[in-house]
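K.L.:
First the structure, which I've put down as C-alpha cells, then a few questions once you've had a look.
The values are calculated or read from the model by the stated rules, or taken from the named source; none is laboratory data. Being a predicted model, the structure only gives us computed values, none of them experimental. Using ideal geometry, Cβ is built from the backbone for each residue, glycine included, and neighbour counts are taken over all protein chains shown. Please note that ligands, DNA and RNA were not included when accessible areas were found on the heavy atoms of the full protein model with its side chains. Shrake-Rupley method; radii C 1.70, N 1.55, O 1.52, S 1.80 Å.
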Amino acid sequence: MRYDDITEAIGNTPLVRIDPAVHGLRTVDLYAKLEMLNPFGSVKDRAAWNMLRPGLDAAVAERAEVVELSSGNTAKALAALAGLHGLTFRSVTNRMRVPELRELLLLLGARIEELPGRSECLDPTDTDDPLTQFHRALAEDDSAHLHTDQYFNPRNTEAHATGTGPEIVKDLGCRAPDWFVACVGTAGSSSGVARVLREHDPNVGVLGLVAAKSDFIPGIRTIDEVNEVGLFDPATYDAIEAVTADEAIDGMVELNRRCGLLAGPTSGAAYRGAVRHLRALDGTRPERTTAVFIACDRVESYLGYVRRRRPELLGRAPHRNSPATVTEAELAAVHAVDVEAARRWIEEERPLVIDLRGSHAYAALHIEGSLNLVDELFEQQVHGGLPFSRRQPVLLVCPVGEKSARFAALLTRMGHPDVRSLAGGVVAWRDAGAPLVRE
Amino acid sequence: MGAPLFLEPRLEPPLRELLDDPGHLHDLVEALGSPLHLVLPEVVAANVAAFRAVYRRHRLGGRICFAHKANGSSALVRRLAATEAGLDAASVNELSHALGSGFAPERVVATGPKNPAFLWLAARAGATVHVDAPAELADLVRLVRAEGLPRARVLLRLSAFASDGGVHLLARRSRFGTPVGEVGELLDVVEREADAVELLGVAYHLDTTDLNEKALALESCVRVLDEARRRGLAPRVVDIGGGFGTSYLADGEQWERYTTELTQAVLGRRPPLTWRGHGYGLRNEGGTARGRLSLYPAHRPVAGPGYLDALLSTPAPTLGRTLADLLLEHLHDLWIEPGRALVDQAGLSLARVVDVRATEDGAHLVRLAMTAADVSLEEHGVLTDPLLVPRAGHGNGNGHGNGPAVGVYLVGDLCLEADLVTRRLVFLPRLPDRGDLVAFANTAGYCMDFRAHRAQLRPGARRVAVGRRDDGTRWWSLDEQYWPTTR
C-alpha cells in the first residue's frame, strides 16, 4: 500500500476475534478493534487528525503553536502531526503519570507544562478546575495557537462517527454488534461509535468503563472526572462500570500472552470490563451475542506502570554478587573503622577511598583524595567481579556507614582481603571536624 | 432526601475512649459552657515521636517544629516544650507564648509576615528567622546593628522553583518567599553582612499535596546550599515547611461515594445533599461539572508521617537520588513544620443542642450553642460527621439507632443566615434532643481558634486539656492552667 503521507494510514484498523477459549464466554463472539495499529499508536490518532485538520492551513500561515490538555495519546498524535506540518506542539497536563510517554513527547519535540497539584490548605481564591484554568490561560495568551480542545470539540466524536463506527459495522457484515465496550477518557470514541451503531440498530448496548476512583488507569477518567468532560453524556451508555488498575493489568496480560495482542492497560481494562459484563448475559439469549471492545494503544509505554504496580510480572532473580544478598553474619564481620582510625589508616597506608554517594553530593564536599563510585554503578560493576586489585586496600564511605558496610561485606565475600567501612560515614567524619574539601 | 451518606471520622483510641464516656463530656460542658474545646497533650507528644521515626528510618537529622498557628492552646505548646520538638511561631504573640512555655529560643523559628516587634523579639531572643524577602533581611541586619544584638540566625525562604528541561512545572502563585532565581541577591547580603547574620540554610513551603512539586523545590534548595557553600558559607538546613496532611475519615469508600454523589447532585441527577444546593465549588454548566471541589481531601491513604516518608522516598527530579539520600549525602539536616499533622487526633470540640425544628423538605435544623466559626471544619473544607453525645440515661448516641438515621443541618446561633455549622445534610442515628451534645472529632488542627470571632459580643469557646493518669483515671485542666507537671 502506497501513501503520500502518514495521515492516510490513520484508520481502517483490523477487527480481531478473541479466542473463546481465552475469554471463556460460550455464546459470545468478542472482537477487539485494534486501534493500537494506527500509525502513532493509538485510537487518538483519528481524533487528533480530525480536530487539527480544519485549522491547519491558518496555523501554518501564522506559525501557530498547537496546544492541547493531554497527558497521553492525544498529545503523542498531535506532537507527530504538528511536526509533520512544521508546527510546534505544547502539551499541558494535569499530571504526566506515564514517564515513558513524557519522554516520548520530549523526543518528538513537544513542550510539556504541568498544572499545579491540589492545594493543602483550602484557598478560596483557587476555584477552577484544570480545564477551566487552561481555557482561561489560553484566552489570556496573545501568541498564535491552535487549541484542539479534545474534551469539548465535536470533531473528536465525529472522527469516530465517520471512521471507527462504520468500519466496525462493515467488518461485521453490515451488522452492528449487540454490545460495544469502550473506556471513557474524552468520551469521543465511545460517543461517536455508539451514535453510528445505534443508527444502524437502536438496540445496541453500550458499556462505558471508568477507572475505580482511587485508581489510575492511563487514558481513563474516574466516575467523577467524566462529568468534567463536555463530550460526556451519561445517556450514551446503557451501563457505566468501574474497572480497577489490577483488572486492567490482568486483562492486558491475557491479551499479551494469550491473544498475541500487544495492547496496553487501557485495552486490558476494556477487555476485562467487557468479559465481566457479558459473563452475566452469557447463555441468556437463544442466539449468539456479538461484542466489540476498543484496544486503544500498545503495551510498550507502560512497562514502568506495570513495574510499579505488579513488579512480579517483570521479575528476575536477584544477582549473586548483590549487596542485597549480604547476611547479618557477614555484616557483623565487616571491618568498620571510626573516623580517627580511618584518618590514621589513610595517612599510613594510603588505601583507595571510595565514596559511594551521588555525584552531586560528592562534588559539593568529600574526603580529599577519594574516588567517587556512585552506589548504583558500583553495584553493577561488582556483579561481574572485583573491580580492583586484591592488593589494594579499600576504605568504603557512604553517608552514615550502612551502605558501605554492606558493600564491604560483599567485597569480603568475593575475596578481597582488606576492605573496610567508615563507621558513621561522612556525617561522622564531618561531625568529628575532619576535613572535607570541595575541588 | 435519598439514602443516608456517612462520612465517619477516623477515631484513634484516645479520642474514642473520650467519646465512650459521655458523662465526663457532659460534666465538662455543664461546668465550662458550650462550645468547649478539648485538647489531648499526650497525643501530640506521640505524634512528634512518629515523625521522628521517619527521620530515623532515613537516617536523617534535623528539627521537627510545630506550626503554632494550627492551634493556640497553651497546653499543647507546653507539652511540646517537654519533647524534643521545635516550634514555628508566626506572630510576636506566638513567639512570646513559645518562650514563656519553655521553648529555648534556638528551638523556635519565626516565620511568616513580620512586623518590627516580631522581628525585634526574634532577633533579641535568638530565634531563627525565616527571611521572606531581601527587604526583610535588610531590616534584620539594620536591627542587629542598631540594637547591638547577637548575630541573627536565618533561613532564606524561597519560592517559584522552576524546572529545567522540557517539562515545565506550573506552580500556584505564592505571596511568600524570594523567587529562587533571585537568591543570589540574598546570598550577597548574607556574605557581606556576615557579622550580623548567620546563614543556617534555606526553606520553602508549598501549598500543594503534589510530591513532584515538592521534590523539585527540595532539589532546588540543595543546589542553593551548594552555591552558598561555594561562596564559603556553611549552611546545612533545608526546611521544607509543612503540608503533610491529615486523614480525617475512617473509610475511603464513604469519601468516594460522597464526593461522587455530590457531583451528581450538582448536576441535578439526584436530590441535593446541601443547604440550598451549595456545590462546594462545583457548578453545573450545561450538564458538565465545572469549578473545583473546594474540599480538603478528607480521606488520605498517605498522610502525616507517612506522607513525609513518601516524600523522602521520591527521587530528585534531576539528581536522581531519593530526596532522603540527597539530603543525607550532602550532609544536610531536614527541618519540618507540621501543623495539622502534628495535632492529628489531639482535639475534640463539643456543643450543646439548644433547638430542633423541622423544615418543609423533611430535614431538620439542629441549632447548637456555638457559631460556625467556633469549629471551622466547613471553612477549611473538612467534611466529617459530627457525633451525638446523649445526656445521661439516653443511651449511646452512636449505637442507639433503633429507627433510621435522620438527616439534619447543624446551625449556629448567630443572627445570620450563613451561620451554618454544616452546609451539608449530616446523618445522626436519631433526632437529637435539647441538652444533647454534638461532638466534632479531630479539630485541633486549624478548626478551634483559627477562625473564631467575637461577633455579637459572644465569649469565645473555652479550652481544656484532658488526659489519663497511669491508673487510668481521667484528669482535666483549664488550658491556661496546664503544665507538663499536671496529672
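K.L.:
Just the accessible area for residue B:485, please: 1.4 Å probe, Å², rounded to the nearest 10?
P.N.:
Per-residue accessible area (residue B:485): approximately 120 Å².
K.L.:
Loop only per DSSP, at most 12 neighbouring Cβ atoms within 10 Å: give me the GluC sites (Glu not before Pro) in the stretch A:334-419, ordered by residue number.
P.N.:
Passing both the DSSP loop test and the Cβ count: A:368.
K.L.:
Still on this model: About the Cα centre of chain A, what is the dipole size in debye to 20, counting +1 per Lys and Arg Cβ and -1 per Asp and Glu Cβ, all else neutral?
P.N.:
1440 debye
K.L.:
Rg to Rh for the stretch B:110-248: what is it, with Cα atoms only and Rh by Kirkwood?
P.N.:
0.99
K.L.:
What percentage of all Cα-Cα pairs in the stretch A:156-287 are separated by more than 24 Å?
P.N.:
Tail fraction, whole percent: 28.
K.L.:
Here is a further query. So if I take the alpha carbon set of the stretch B:354-487, get Rg, then get Rh from the Kirkwood formula, what is the Rg over Rh ratio?
P.N.:
Result for the stretch B:354-487 is an Rg/Rh of 1.00.
K.L.:
If each Cα of the protein assembly as shown is one equal point scatterer, what is log10 of I(q)/I(0) from the Debye formula at q = 0.06, 0.07, 0.10 Å⁻¹?
P.N.:
-0.53, -0.72, -1.29
K.L.:
Rounding to the nearest 20 debye, state how big the charge dipole of chain B is about its Cα centre with +1 on each Lys and Arg Cβ and -1 on each Asp and Glu Cβ.
P.N.:
Result for chain B is approximately 140 debye, rounded to the nearest 20.
K.L.:
Next question, about the same structure. For residue B:46 and residue B:418, compute 0.36 nm times the residue count separating them, minus their Cα-Cα distance, and round to one decimal in nm.
P.N.:
On the way: separation 372, 0.36 × 372 = 133.92 nm, distance 3.78 nm.
The residue B:46-residue B:418 span can extend by a further 130.1 nm.
K.L.:
Give me Rg over Rh for chain A, both radii from the alpha carbons and Rh done the Kirkwood way, two decimal places.
P.N.:
Rg/Rh: 1.13.
K.L.:
Report the extension gain between residue A:413 and residue A:325 in nm, rounded to one decimal, defined as 0.36 nm multiplied by the number of residues separating them, less their alpha carbon distance.
P.N.:
Full-extension gain reported as 30.6 nm.
K.L.:
Using alpha carbons only, how many angstrom separate the centre of the stretch A:1-40 from the centre of the stretch B:218-251?
P.N.:
Going from one Cα centre to the other spans 50 Å.
K.L.:
Which aspartates and glutamates, if any, have their Cα less than 15 Å from the Cα of residue A:213, not counting same-chain residues under 8 positions apart?
P.N.:
Excluding near neighbours in sequence, the set is A:224, A:225, A:228, A:241, A:246, A:247, B:251, B:253, B:256, B:261.
K.L.:
How much length, in nm to one decimal, is gained on full extension between residue B:3 and residue B:405, taken as 0.36 nm per residue of separation minus their Cα-Cα distance?
P.N.:
Answer, rounded to one decimal: 143.8 nm.
K.L.:
Oh, and also: Among A:176, A:139, A:245, which residue has its Cα furthest toward the positive end of the charge dipole of the stretch A:97-246, with +1 on Lys/Arg Cβ and -1 on Asp/Glu Cβ?
P.N.:
In the stretch A:97-246, that residue is A:176.
K.L.:
As a test, work out the antiparallel percent of DSSP beta bridges whose residues both lie in chain A, rounded to the nearest 5.
P.N.:
10 percent
K.L.:
Here's something else I'd like to know. Give me the percent of the accessible area of chain B that comes from carbon and sulfur atoms, probe 1.4 Å, all protein chains in place.
P.N.:
Values: 9360 of 18340 Å².
Carbon plus sulfur share of accessible area: 51 percent.
K.L.:
Calculate, axis by axis, the spread of Cα positions in the stretch B:1-125 along the three principal axes, and write the results as whole Å, longest axis first.
P.N.:
Cα extents, longest axis first: 56, 40, 33 Å.
K.L.:
Which distance in nm do the two modelled labels at residue A:97 and residue B:20 give, with both placed 7 Å along the Cα-to-Cβ direction?
P.N.:
Inter-label distance under the simple model: 3.9 nm.
K.L.:
Now for a separate question. Given the pairs A:44/A:76; A:76/A:170; A:33/A:170, which span a C-alpha to C-alpha distance of over 20 angstrom in this model? Write out the running numbers ahead of the final one.
P.N.:
Numbers: A:44/A:76 9 Å; A:76/A:170 29 Å; A:33/A:170 12 Å.
Those over the limit are A:76/A:170.
K.L.:
For the stretch A:323-431, report the convex hull volume of the alpha-carbon atoms normalised per residue, in Å³, without decimals.
P.N.:
Given the Cα convex hull of the stretch A:323-431, per-residue volume reads 91 Å³.
K.L.:
Then there's this: For the stretch B:332-385 and the stretch B:406-437, compute the distance between their C-alpha centroids and round to whole Å.
P.N.:
Here the answer is 12 Å between Cα centres.
K.L.:
Ok, one more. Using DSSP, restrict attention to beta bridges with both residues in the protein assembly as shown and report what percent are antiparallel, rounded to the nearest 5.
P.N.:
Here the share of antiparallel DSSP bridges comes out near 30 percent.
K.L.:
Could you pull the accessible area for residue A:162 with a 1.4 Å probe, rounded to 10 Å²?
P.N.:
Ignoring ligands and nucleic acids, residue A:162 comes out at about 100 Å².
K.L.:
Straight-line reach from residue B:114: which lysines fall under 26 Å, measuring Cα to Cα and dropping same-chain residues less than 8 apart?
P.N.:
Partners within reach: B:69, B:214.
K.L.:
How large is the helix-only mean residue ellipticity at 222 nm for chain A, computed as the sum of -39500 (n - 2.57) over DSSP H runs with n ≥ 4, divided by its residue count, in deg cm²/dmol to the nearest 500?
P.N.:
Mean residue ellipticity, 222 nm, calculated: -10500 deg cm²/dmol.
K.L.:
So, one more: Out of the GluC sites (Glu not before Pro) in the stretch B:155-256, which ones are loop residues according to DSSP with at most 11 other C-beta atoms within 10 Å?
P.N.:
Sparse-neighbourhood loop GluC sites (Glu not before Pro): none present.
K.L.:
Say the dipole of the protein assembly as shown comes from +1 at the beta carbon of Lys and Arg and -1 at that of Asp and Glu; which of A:362, B:41, B:217 then lies farthest toward its positive end?
P.N.:
B:41
K.L.:
Right, another one. Taking a probe of 1.4 Å and counting only protein heavy atoms, give the total accessible area buried between chains B and A in Å², rounded to the nearest 100. Intermediate values should be presented prior to the final figure.
P.N.:
Numbers: alone 20660 and 21300 Å², together 37320 Å².
Chain pair B/A: roughly 4600 Å² of buried accessible area.
K.L.:
May I ask you to list the trypsin sites (Lys or Arg not before Pro) in the stretch A:373-439 that are in a DSSP loop and have at most 14 other Cβ atoms within 10 Å of their Cβ?
P.N.:
Passing sites in the stretch A:373-439 are A:390, A:391, A:438.
K.L.:
While we're here: What number comes out for accessible area per residue over the stretch A:44-147 if the probe is 1.4 Å? Units Å², please.
P.N.:
Per residue, the stretch A:44-147 has an accessible area of 41 Å².
K.L.:
Let me ask something else. Using a Förster radius of 45 Å, what is the FRET efficiency between residue A:142 and residue B:145 based on their Cβ-Cβ separation? Nearest 0.05, please.
P.N.:
Details: r = 48 Å, r/R0 = 1.06.
The calculated FRET efficiency here is 0.40.
K.L.:
Something else: Helix A:130-140 against the longest principal axis of chain A: what's the angle in degrees, Cα atoms only, rounded to the nearest 10?
P.N.:
It is inclined by approximately 90 degrees.
K.L.:
Further, regarding this structure: Tell me the angle of helix A:245-258 to the major Cα principal axis of chain A, expressed in degrees between 0 and 90 and rounded to the nearest ten.
P.N.:
Approximately 80 degrees, to the nearest ten.
K.L.:
Right, next: Out of every Cα-Cα pair in chain B, what percent are more than 31 Å apart?
P.N.:
Details: 57038 of 118341 pairs.
Tail of P(r) above 31 Å: 48 percent of Cα pairs.
K.L.:
How fast does the stretch A:44-147 diffuse by Stokes-Einstein, in µm²/s, taking the Kirkwood radius from C-alpha pairs at 4 °C and 1.567 mPa s?
P.N.:
Details: Rh = 14.4 Å.
In µm²/s, the coefficient is 90.
K.L.:
Using protein chains only and a probe of 1.4 angstrom, how many square angstrom of residue B:423 are accessible, to the nearest 10?
P.N.:
Taking all protein chains as shown, residue B:423 has close to 70 Å².
K.L.:
Using a 7 Å offset from the Cα along the Cα-to-Cβ direction at both residue A:201 and residue A:239, what is the distance between the two label points in nm, to one decimal?
P.N.:
Going from the residue A:201 label point to the residue A:239 one covers 1.7 nm.
K.L.:
Evaluate the charge dipole of the stretch B:299-453 about its Cα centre and quote only its size in Debye, nearest 20, assuming +1 on the Cβ of each Lys and Arg and -1 on the Cβ of each Asp and Glu. Mind dumping the intermediate values first?
P.N.:
On the way: 12 positive and 19 negative charges, 91 e Å.
Dipole magnitude for the stretch B:299-453 comes out near 440 debye.
K.L.:
Where does chain B land at 222 nm, in deg cm²/dmol rounded to the nearest 500, when only DSSP H runs of n ≥ 4 count, each adding -39500 (n - 2.57), divided by all residues? Write out the running numbers ahead of the final one.
P.N.:
Numbers: 12 runs with 136 residues, N = 487.
The per-residue figure over chain B is -8500 deg cm²/dmol.
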